[in-house]
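Shown next, in structure tokens, is the structure this report addresses.
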Amino acid sequence: MKLLSFATAFLVAGAAGAQELPKTQLQIVGGLSNLTAYQQFEQPFWTNTIPEKSGGQITATVKGFNEMGLKGPELMRLMSQGVVPFGTATLSYFASDNPINEAIDLPGLAPDVVTARKVTDVFKPVYEKFYGEGSKVKLLGISTYPAQVVFCNADIKGLADLKGKKVRTSGRTQAEFVEAFGGTSVTMAFGEVVPALQNKVVDCAITGSLSGYSAKWYEVSTHLLALPINWNQQIHAVNQSVWDKLDPKVQAFLQENINTMVDDIWKAAGTQTQEGYDCNTGAAACTQAVKGKMTLVVPTEEDKALLNTTLKDKILPTWAARCSADCVKSFNDTIGASFGLTVSK
């Protein structure tokens with residue numbers, strides 16, 4: 001009887017808490033709608049989790065930026081202007097605006113998902129200040145895609161085999177990574193990669209291990225190097241004026257739940273990275289209906305050491321040369337201090 005009374009009181013308290021939230025309707029421009037981060041986390045979060053947890057008081061519409069006819073790089077400007085109230089975008093899209101956007105995802109910086117999360121967390125306060133002051137955008141969280149890895153329609157045994165290869169990259173630091181190994185970087189939209197690999201316009205391409213599987217790259221590639229190059233973190237943000245107009249109780253409710261969503265995406269990133277390896281190569285562990293037949297190239301200790309050396313000798317100095325003195329100091333004070341790295345102008 002007491003247990004029933006306690007359960008009833010708990011439910012009533014929860015309902016009362018939800019009713020205290022004012023009716024609020026939100027508009028969200030999410031990440032790429034064809035990828036698992038959006039399909040499994042972001043979309044259900046806004047359309048199911050938020051309405052359910054708020055007792056129907058907070059509702060939202062969400063569409064991937066690609067469904068809105070946007071390309072991605074313009075999202076920060078649109079959020080800054082308030083045209084897009086809430087938005088999700090990949091940090092590398094803003095690399096040309098300011099090199100500080102590359103700081104947490106330099107190739108070789110995070111060889112595993114645990115390290116990637118630590119790098120992201122220690123640098124997050126720098127981004128909060130940078131976006132808040134420069135763009136009037138409030139950062140709500142930073143999540144990630146699965147590891148960015150190399151797919152090749154060519155026989156490769158390790159990083160050294162990128163020499164002489166034409167490799168599709170999605171950002172400047174990936175391009176510098178490829179060129180550091182003697183390859184040629186080719187900038188190309190994600191949707192153009194399959195025919196390019198098929199027709200040998202490029203020999204290799206870099207993307208998330210599971211993203212590549214979802215896009216059926218296993219049909220046009222033969223080898224997959226299971227070595228995380230970088231992660232392609234995403235920011236979840238809101239126009240500051242839009243945020244300031246929300247009731248403080250709504251702000252607290254949203255921030256708490258967004259923190260949980262971001263944690264869930266990070267937890268899934270490691271699992272999905274392995275799922276990408278398994279399903280592209282047809283491993284028994286793959287639970288998907290269709291299995292690829294790619295060759296999994298397991299990185300040697302030599303490959304891992306080579307990537308780390310390339311980070312220190314080439315990637316970091318090149319990045320620091322184009323970043324401001326404040327940007328370099330911020331890196332040294334946070335990521336550098338945590339991982340024993342020092343960069344200089």
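Taking θ as phi - 60°, what are the ³J(HN,Hα) couplings along the range 69-79 by the Karplus curve (6.51, -1.76, 1.60), each to the nearest whole Hz, with x for Gly and Pro?
Per-residue couplings from phi come out as x, 9, 9, x, x, 8, 4, 5, 4, 5, 5 Hz.
DSSP loop GluC sites (Glu not before Pro) in the range 71-136 with at most 16 other Cβ atoms within 10 Å of their Cβ, which ones?
Here the sparse-neighbourhood loop sites are GLU74.
Could you line up ARG168, ARG77, ARG117 from fewest to most neighbouring Cβ atoms inside 10 Å? Mind dumping the intermediate values first?
Values: ARG168 26, ARG77 14, ARG117 22.
With the fewest neighbours first, ARG168, ARG77, ARG117 line up as ARG77, ARG117, ARG168.
Tell me which residues come under 5 Å, amide H to amide H, from VAL202 once H is placed; ignore anything under 5 positions away on its chain.
Amide H to amide H, under 5 Å and 5 or more residues apart or across chains, VAL202 pairs with LEU197.
Going by the alpha-carbon gyration tensor, a ≥ b ≥ c the square roots of its eigenvalues, is the range 222-342 rounded (a/c under 1.5) or, if a/c is not under 1.5, prolate (a/b greater than b/c) versus oblate?
It is oblate, given that a/c is not under 1.5 and a/b is not larger than b/c.
Tally the DSSP beta bridges in the chain and give the antiparallel ones as a percent, rounded to 5.
55 percent
Take peptides 262-275, 172-185 and line them up by average Cβ neighbours within 10 Å, highest first, as a rough protection proxy.
172-185, 262-275
7 Å from Cα along Cα→Cβ at both GLN288 and THR300: what's the point-to-point distance in nm?
3.0 nm
Relative contact order for the chain using alpha-carbon pairs under 8 Å, separation at least 6, rounded to a whole percent? Kindly include the intermediate steps, with their values, before the conclusion.
Working: 600 pairs, mean separation 69.9, N = 345.
After rounding, I find 20 percent.
Which value, in debye to the nearest 20, gives the size of the charge dipole of the range 220-345 about its Cα centre, when Lys and Arg are +1 and Asp and Glu are -1 at the Cβ? If you can, show how the numbers build up before the last one.
Numbers: 11 positive and 13 negative charges, 67 e Å.
The dipole of the range 220-345 has a size of about 320 debye.
Can you work out ³J(HN,Hα) from phi for every residue in the range 26-35, in order, using Karplus 6.51 cos²θ - 1.76 cosθ + 1.60 and θ = phi - 60°, giving whole Hz and x for Gly and Pro?
Values per residue, Gly and Pro as x: 10, 10, 10, 9, x, x, 4, 6, 9, 10 Hz.
I need the phi-derived Karplus couplings for the range 116-127: 6.51 cos²θ - 1.76 cosθ + 1.60, θ = phi - 60°, integer Hz, Gly and Pro marked x.
Along the range 116-127, the couplings run 4, 5, 5, 4, 4, 5, 6, 9, 3, x, 5, 5 Hz.
Taking amide hydrogens as modeled 1.01 Å from N in the peptide plane, which residues meet the under 5 Å criterion relative to LEU140, leaving out close sequence neighbours?
HIS236, ALA237, VAL238
Between VAL297 and residues 5 or more places away or on another chain, which pairs have amide H atoms under 5 Å apart, with H built 1.01 Å from N, and which residues are they?
LEU224, LEU225, ALA226
Counting each DSSP H run of 4 or more residues in the chain as -39500 (n - 2.57), what helix-only mean residue ellipticity at 222 nm follows after dividing by all residues, to the nearest 500 deg cm²/dmol?
That comes out to -12000 deg cm²/dmol.
Treat every Asp and Glu Cβ in the chain as -1 and every Lys and Arg Cβ as +1, leave all other atoms uncharged, and give the resulting dipole magnitude about the Cα centre to the nearest 20 debye.
240 debye
Charges on Cβ only, +1 for Lys and Arg, -1 for Asp and Glu, centred on the Cα centroid of the chain; of GLN43, ALA226, THR260, which one is farthest towards the dipole's positive end?
GLN43
With a ≥ b ≥ c the root eigenvalues of the C-alpha gyration tensor of the chain, is it rounded (a/c under 1.5), prolate (a/b larger than b/c) or oblate? Working shown, then result.
Values: a/c = 1.96, a/b = 1.50, b/c = 1.31.
It is prolate, given that a/c is not under 1.5 and a/b is the larger ratio.
Set Lys and Arg Cβ to +1 and Asp and Glu Cβ to -1, take the dipole of the chain about its Cα centre, and tell me which of LEU109, PRO73, ALA337 lies farthest positive.
It is PRO73.
Could you name the lysines in cross-link range of LYS124, using Cα to Cα under 21 Å and dropping any fewer than eight places away on the same chain?
LYS136, LYS138, LYS267, LYS329
Read-outs throughout are calculated quantities, based only on the coordinates presented, and are distinct from any laboratory measurement. Everything numeric in this text was worked out from a predicted model, so none of it was measured. Don't worry about glycine lacking a Cβ; one is built from the backbone with ideal geometry, like all the others, and counts go over all protein chains shown.
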